[in-house]
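To keep things clear, I will list the structure first and then write my remarks on it.
Throughout, read-outs are computed from the coordinates displayed, never taken from laboratory work. None of the values given here were measured: they were computed from a predicted structure. FYI the Cβ positions are ideal-geometry reconstructions off the backbone, even for glycines, and counts take in every protein chain you see.
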Amino acid sequence: MRAIISVSDKSGVVDFARGLKELGIEIFSTGGTKKSLEAAGVKIHSISELTGFPEILDGRVKTLHPAVHGGILARRDLPQHLSQLAHNRIELIDMVVVNLYPFVETVTRAEVSLDEALENIDIGGPSMIRSAAKNFPSVLVVVDPRDYDAILQKLHQGDIDLGYRKRLAHKAFQHVALYDTAIAQYFNEETFPEEMTIALKKARSFRYGENPHQQAAFYIEQNVRQKQDGLASLEQLGGSEISFNNLLDLDAALNLLADFSAPTIAIIKHNNSCGLASHNDLAEAYRRALAGDPVAAFGGIVASNRIINLATAQEIDTTHYDAVVAPGYRKEALELLRRKESLRLAKIAPYRSSSSESHLDFRRVRGGFLAQMPDTLTKPELKPRVVTKRQPNKTELSDLLFAWKAVKGIKSNAIVIAKNKTLLGMGAGQPSRVVSVELALKRACDRAKGSVLASDAFFPFTDGPELAIKHGVTAIIQPGGSVRDKEVVALANKYNVAMVFTGVRHFRH
């Protein structure tokens, strides 16, 4: 057997090459890989010995040669192929061990030049991988160092079956596809190009998905145009295995907290916040968040945008939760929370949303994907326009902006009742907006007196605002834009309620 080894990722390659040599396999290699193997005492041949031609153009051309690709692509079951090889003095190549230049690592570095990026686009490597994968019944193609041990073991046993060869070929084509996707991403300057590929790498498998009969896994998106953050940075510090539904709730928590700069605690249940509060004392923020709906909080997740201290951990410890997520934990807080063996403790780097975000938000639909820019807060909406005779006072304005950030993270038709930067009640996912108002007020009860209300979209009628006002709401924030805006504003003026328009809608279906 004859093998070509040319790898950028050299982890494990020396031991693998030694194993191949012990099996009597002849090895050919290129520049950097050849130096590494020879430095470790592994005797190999240069690709130039195979091609009879030197590497040229600073290494840009070294394996693009008939002696290489002919030996890889020739079908062993076709006599005419073997005859042509013999006529041209080309020998068979039985194994190709290749992984590619570090293009992704290069272009994601700060201040990388175009020249440097171009030099890290591998040409010969993908060509050899594709040739070997095309001819996988006869040629082993190896792109993943994690496969080295298994391949050596199978070679020692004497044969590698067709099924395993096919799996290696699939991995090889996918390896090249991810690589080409990264290059296309780097060159792309359009938000919605005519053609697009999405590069995904499996991060973890789950016991099941949303329901026990559904198989599931979590994939991390590779995109050289955006920084990898969010769930990609998740580190589990304790508790049971993270589930599919846990990640959905963690994602909802991250998206919600991204809009809050003050110390904030969110309690998430079924992707919506049933508790939310901001306060300089994190433990107090938790107590206020829990007071929003202590019944619904049971079995949910707690999310913090600050490192969790002991006082906060002690408060969390009194209620049953599925998971806690934060940028970090003080040592004594982590020790306390770890006592509950089933409580999942996750550490995720803090994330702040920005109107300059360029990545796309994808939604799977039957037959394809919907793609849109992410829904972020804009600067103008954080200075809403007063449309009533009465201006909101300082406290009301602070609570209105808190409620506006809160309602953005709740499923439409969304209504939030808030006071003292605390979520008192919310209505979500109702076909009727007035029903969402009813639900939010029912949860807030008497606490609605002196509170504010946020609506993620305009009020089509006066019924919702009137119901809220009669329960004690003193200020309302909403996008505006209804044909009945004048009637809604007139109602607010009638009851001396302050109302502000943001001019921006935040539907979350």
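A simple rule links phi to the HN-Hα coupling: the Karplus curve 6.51 cos²θ - 1.76 cosθ + 1.60 with θ = phi - 60°, which for segment 295-302 gives 6, 5, 4, 4, x, x, 10, 9 Hz, with x for Gly and Pro.
Report, in whole Å, the centroid distance computed from the Cα atoms of segment 302-333 and segment 164-214. If you average the Cα positions of each part, the centres end up 35 Å apart.
When DSSP beta bridges are restricted to pairs lying wholly in segment 382-501, around 60% turn out antiparallel. Computed from the C-beta positions of GLU189 and SER113, the FRET efficiency with R₀ = 22 Å rounds to 0.80.
At q = 0.10, 0.11, 0.17, 0.20 Å⁻¹ the log10 of I(q)/I(0) for segment 358-464 amounts to -0.34, -0.41, -0.87, -1.09, computed by Debye summation with a single uniform scatterer per C-alpha, solvent ignored.
Taking a ≥ b ≥ c as the square roots of the eigenvalues of the Cα gyration tensor, an a/c ratio of 1.5 or more together with a/b no larger than b/c marks segment 95-229 as oblate. Sequence-ordered 3J(HN,Hα) estimates for segment 226-243 from the Karplus curve with 6.51, -1.76 and 1.60 and θ = phi - 60° stand at 9, 6, 7, 9, x, 5, 5, 9, 4, 10, 8, 10, x, x, 5, 4, 4, 9 Hz, glycine and proline given as x.
Ellipticity at 222 nm from helices only: DSSP H runs of n ≥ 4 in the chain, each -39500 (n - 2.57), divided by the residue count, give -10500 deg cm²/dmol. Rounded to the nearest 20, the Cβ-based charge dipole of the chain about its Cα centre (Lys and Arg +1, Asp and Glu -1) stands at 1440 debye.
The H on the amide N of ARG204, modeled in the peptide plane, is under 5 Å from the matching H of PHE218, each at least 5 residues off or on a different chain. About its Cα centre, the dipole of segment 236-347 is roughly 180 debye, where the only charges are +1 on Lys and Arg Cβ and -1 on Asp and Glu Cβ. With the gyration tensor restricted to C-alpha atoms of segment 236-347, the semi-axes of the equivalent ellipsoid amount to 17, 16, 13 Å, longest first.
Protection proxy ranking of 362-368, 385-391, 136-142, by the mean of other Cβ atoms within 10 Å over each peptide's residues and highest first, is 136-142, 385-391, 362-368.
Starting from 0.36 nm per residue, how many nanometres of slack lie between ASP144 and LYS202 once their C-alpha separation is accounted for?
Working: separation 58, 0.36 × 58 = 20.88 nm, distance 1.43 nm.
Using 0.36 nm per residue and subtracting the Cα-Cα distance, I get 19.5 nm.
Dipole of the chain computed with +1 at Lys/Arg Cβ and -1 at Asp/Glu Cβ about the Cα centre; of PRO54, ALA177, GLY409, farthest Cα towards the positive end is GLY409. Mean projected area of the Cα convex hull of the chain, taken over all directions, amounts to 29.9 nm². Computed extension gain for LEU57 through LEU370, at 0.36 nm per residue and net of the alpha carbon distance, reaches 108.3 nm.
For the peptides 149-158, 327-336, 430-439, the ranking by packing is 430-439, 327-336, 149-158, with the highest mean count of neighbouring Cβ atoms within 10 Å listed first.
Considering only THR395, ASN305, LEU343, the residue lying farthest towards the positive end of the dipole of the chain is THR395, judged by Cα position with unit charges set on Cβ. In whole angstrom, note down how far apart the Cα centers of segment 227-275 and segment 441-479 are. Computed from Cα coordinates, the inter-centre distance equals 28 Å.
May I ask you to compute the full-extension gain from GLN314 to ASN496, defined as 0.36 nm times their residue separation minus their alpha-carbon distance, rounded to one decimal in nm?
Details: separation 182, 0.36 × 182 = 65.52 nm, distance 4.29 nm.
Result for the pair: 61.2 nm of gain on full extension.
Given LYS383/LYS405; LYS154/LYS201; LYS10/LYS134; LYS379/LYS408, which pairs have Cα atoms separated by over 19 Å? In this structure, LYS154/LYS201; LYS10/LYS134 exceed 19 Å between Cα atoms.
If R0 equals 56 Å, the separation of the Cβ atoms of ALA177 and PHE298 corresponds to a calculated FRET efficiency of about 0.80.
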